[in-house]
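Presented below is the structure to which this report refers.
The values are calculated or read from the model by the stated rules, or taken from the named source; none is laboratory data. Worth saying up front: this structure is predicted, and the values here are computed from it rather than measured. No Cβ is skipped: glycine too gets one built from the backbone with ideal geometry, and neighbour counts run over all protein chains shown.
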């Protein structure tokens, strides 16, 4: 917050004390008039006026100093996080005490609203966490039935649909976790190759079903990140690439530079230029999403939130009809320590 200059504070002080100064000047003029009418000698009048003026200036200086100190104290409290009511300066008068009592009531209302919001968020997390665990039971049962031969010729298609359901269920859980201030991030050196391969293995059935080629030769790099959360981001990027790529290939590779950059590129339908600035907004699907009719606008929003928490910058380059490239900036453990 910008610091207010002493000149501006002085103007505010004069405005605040304007009535007092006007009353003092009027009273002094009245005394001069009375002395003039009674023909009092000029010398004692000027001497008395000089004494009163000096005392007035001393009083005004002390009063302005007090005003300035109170302003600085309040300014410091306003800039600090979590101001306590006990730290406020004692009130000057009844009016200031009334203002402080009003502030105290507002503080209590704010704390009550915060507590209610925390309680609602906790209840929401508990409900959806329970829902996720409950819905996993029929999913596991359906998968077991497929493994025992149920489904006939459609077994492979049912298997893929179950996989999609599992991914959507997991997305709900990840959404709740990333929105929670206590997201379980564990930042440590992790093998980038292991994270990528795990994500690719989970989506291997979709690659096979859509006959999309994968270009990935492996990377020998250790990065400072949370492997679970970065893996979720890569899985979401692969899911989007597979959804919007009807033929061609998806490539995962490393761009050398400072910092090194992980790239997930596809040859899909691409993103219109007018949609690019908003693709990370919550609920925004854009022209491509409205065409597909299955987009929720949550996936890339989650990716951006997670990558922000991991301190990995992300950019997207795309051309309609040619494909999309998502670039994730990485942090190396040794460079971070240096």
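Return the pairs, sorted by first residue and then second, in which the second residue is part of a helix (DSSP H, G or I), the first residue lies in region 109-121 and is without any contact (Cβ under 8 Å) to a residue 60 or more places away in the chain, the beta carbons are less than 7 Å apart, and the residues are 6+ apart or on different chains.
Partner pairs satisfying both residue conditions: none exist.
Of the numbered conditions (1) assigned to a helix (DSSP H, G or I); (2) under 25 Å from the mean Cα position of the chain (by Cα); (3) at pLDDT 90 or above, residue 315 satisfies every one except a single condition; which is it?
The number of the failed condition is (1).
For region 263-280, which residues satisfy the criterion of being closer than 15 Å to residue 304 by Cβ, outside any loop (DSSP other than H, G, I, E, B) and touching a strand residue (DSSP E or B) at 6+ places or on another chain (Cβ under 8 Å)?
Here is the first cut: in region 263-280, the ones closer than 15 Å to residue 304 by Cβ are 264, 271, 275-280.
From the residues that got through so far, the ones that are outside any loop (DSSP other than H, G, I, E, B) too are 264, 276-278.
Result: 264, 276.
So is residue 132 closer than 26 Å to residue 178 by Cβ, in a helix (DSSP H, G or I), at pLDDT below 80 and under 35 Å from the mean Cα position of the chain (by Cα) or not? It would help to see each step written out before you state the result.
Details: closer than 26 Å to residue 178 by Cβ: yes; in a helix (DSSP H, G or I): yes; at pLDDT below 80: yes; under 35 Å from the mean Cα position of the chain (by Cα): yes.
Against the criterion (closer than 26 Å to residue 178 by Cβ, in a helix (DSSP H, G or I), at pLDDT below 80 and under 35 Å from the mean Cα position of the chain (by Cα)), residue 132 qualifies.
Please state which one of 155, 150, 120 is at pLDDT 75 or above and not assigned by TED's automatic domain parsing to the domain that holds residue 70. Step through it out loud before you land on a result.
Numbers: 155 fails: at pLDDT 75 or above; 150 fails: at pLDDT 75 or above.
Only one candidate passes the filter, namely 120.
So which strands (runs of 3 or more DSSP E) stay within region 178-255 end to end and still have 2 or more residues that are buried (at least 18 other Cβ atoms within 10 Å of the Cβ)? Full working, then the answer.
Values: elements: 188-191, 213-215, 222-225, 249-255.
Answer list for region 178-255: 222-225, 249-255.
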